[in-house]
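Here, each number is a calculation from the coordinates, and none is a lab measurement. Predicted model, so just to flag it, every value in this text is computed and none were measured. Note that we place each Cβ from the backbone using ideal geometry, even for glycine, and neighbour counts take in every protein chain shown.
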Amino acid sequence: MKRHYDTVIIGGGIIGSAIAYHLSKEKQKTALFESGTIGGKTTSAAAGMLGAHAECEARDAFFDFAMYSQRLYQALGAELNERSGIDIRRHNGGMYKLAFSEEDVARLRQMDDLDSVSWHTKEEVLENEPYTSKEIAGASLIKADVHVEPFYVCKAYAKAARLSGTELYEHTSVTEIKRDGDAVCITTTAGEVYADHVVVASGVWSGQFFKQLGLNQAFFPVKGECLSVWNDDFPLTKTLYHDHCYIVPRKSGRLVVGATMKPGDWSDKPELGGLESVMQKAKTMLPAIQYMKVDRFWAGLRPGTGDGKPYIGRHPEDSRILFAAGHFRNGILLAPATGEVICDLVMDRKFNQKWIDAFRIDRKEAVQA
Ligand code: FAD
Ligand code: GLY
């Protein structure tokens with residue numbers, strides 16, 4: 001007998017898992033196929049900053065969406081803990097976005113009017129975080145840009161979905177999506193299944209399905225190299241951030257330090273040169289980091305798109321096929337809102353049209369020349 005689902009999700013990173021969770025709450029009969037293990041790819045490489053203010057320069061639809069998703073995280077930790085028993089390890093210290101030059105100060109002070117942002121002088125920063133570099137000119141304190149541990153968020157979403165009936169298939173790749181007939185046919189390495197809806201949430205590997213389905217959107221990896229160190233002697237409570245580099249203090253005492261930006265590199269092995277450049281930037285922010293013991297190093301592939309924004313929405317010609325991919329630097333932050341949007345589209349409910357338009361697959365900024 002052929003297996004039929006309401007929805008099939010391709011990819012068990014944080015995006016696919018968040019979608020599975022939302023659909024499971026709607027009692028949708030859902031299967032999720034993951035070619036490796038849940039959360040094992042880009043999701044587990046991420047630092048986990050919910051950097052709506054730190055990462056968004058323009059006050060556009062993307063910023064609204066990021067702020068909305070950041071707010072959803074406020075209740076998410078307790079909700080996922082109750083449903084899955086997994087703690088997402090939220091750390092509430094917030095972030096200092098550091099200024100080293102007058103130009104930095106001018107740029108950062110444009111955020112002063114935002115609710116959770118306040119300007120701190122050099123003296124105030126050093127009083128709160130005494131080991132920060134003495135070369136700074138001041139910093140924006142961003143209370144809302146806290147961080148979580150991405151692997152645990154992803155596992156919590158997936159487990160909560162499974163406990164509500166979602167079928168999770170690890171080590172099972174999807175190779176083809178066929179659009180003939182009433183239901184969509186999905187070929188996996190374990191056989192064919194059918195579904196009313198299919199959601200492509202395969203991170204940077206989603207490009208193959210776009211092509212298969214006649215779409216030509218830009219899709220490429222932007223490799224990020226990171227390392228972590230053990231910090232026993234130099235207390236740090238806030239994330240330090242400057243020039244796309246960050247030092248994120250985990251509850252365990254580890255500091256996560258990242259990350260390079262290498263477009264087009266498909267290897268997930270870190271290189272010494274990349275790690276060295278990350279270390280240099282980290283020392284600029286926190287000189288004492290040079291004395292800390294190395295824990296480990298790694299790299300992950302951010303799913304890059306033509307305009308740096310994700311593709312979230314329906315196939316332009318077939319509403320049974322949906323995409324949730326290309327979250328680039330902010331997939332951890334954007335997972336809760338993405339899960340909600342895709343669930344509403346599957347359920348044919350109305351959602352914020354501004355966001356639907358901003359992330360639609362066929363927006364002109366997203367299509368390759
Ligand atoms: P993935 O986690 O890659 O999941 C996709 C899954 O699909 C994979 O598990 C893969 O195995 C599976 N898959 C692929 N092809 C198939 C197939 N054919 N069949 C079945 N399964 C398939 N974001 C933040 O918000 N905050 C941060 O602080 C942050 N820091 C980052 C630091 C680094 C170094 C990097 C690299 C990224 C960072 N990001 C951060 C970005 C974030 O990690 C990504 O945007 C996010 O993980 C994307 O999630 P995803 O589920 O789309 O992709
Ligand atoms: N958002 C942090 C990174 O992508 O490195």
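Overview of values
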item	result
Cα lying deepest toward the dipole's positive end in segment 250-357, options V341, Q290, M261, charges on Cβ	Q290
Rel. contact order, % - alpha carbon contacts under 8 angstrom, at least six apart, segment 24-147	30
Segment 1-102, Rg to Rh (Cα coordinates; Rh as Kirkwood inverse mean 1/r)	1.05
Share of Cα-Cα pairs in segment 238-369 lying beyond 22 Å, as whole percent	51
Highest average packing first - 122-128, 97-103, Cβ atoms within 10 Å	97-103, 122-128
In segment 288-369, GluC sites (Glu not before Pro) in a DSSP loop with at most 14 other beta-carbon atoms within 10 Å	E317
Alpha-carbon Rg with Dmax, taken over segment 267-344, Å	18.3, 57
The chain: relative contact order as a whole-number percent, Cα under 8 Å and 6+ apart	24
Relative intensity, log₁₀ I(q)/I(0), of the chain from a Debye sum that treats every alpha carbon as a point, q = 0.07, 0.09, 0.14 Å⁻¹	-0.30, -0.50, -1.15
Where Cα atoms sit under 29 Å apart: lysine pairs in segment 63-161 separated by 8 or more or lying on different chains	7
Spatial extent of segment 232-300: Rg and Dmax, with the Cα atoms as the point set, Å	12.3, 38
Percentage of interatomic Cα-Cα distances in segment 168-269 larger than 21 Å	57
Fewest-first sequence of K159, K364 by Cβ atoms within 10 Å of each Cβ	K364, K159
Within straight-line cross-link reach of K211, lysines at Cα separation under 29 Å, skipping those fewer than 8 residues along the same chain	K2, K29, K41, K178, K223, K262, K269, K309, K350, K354, K364
Descending semi-axes in whole angstrom, ellipsoid equivalent of segment 115-182, from the Cα gyration tensor	48, 15, 13
Sequence ranges 297-309, 3-15, 281-293, 39-51, ranked by mean other-Cβ count within 10 angstrom, highest first	3-15, 39-51, 297-309, 281-293
For the chain, with +1 on Lys and Arg beta carbons and -1 on Asp and Glu, the positive-most of S84, T189, A325 along the dipole	T189
Distance between segment 83-124 and segment 166-229 - C-alpha centres, whole angstrom	36
Residue order, fewest to most surrounding Cβ atoms within 10 angstrom, among W355, W266, W230	W266, W230, W355
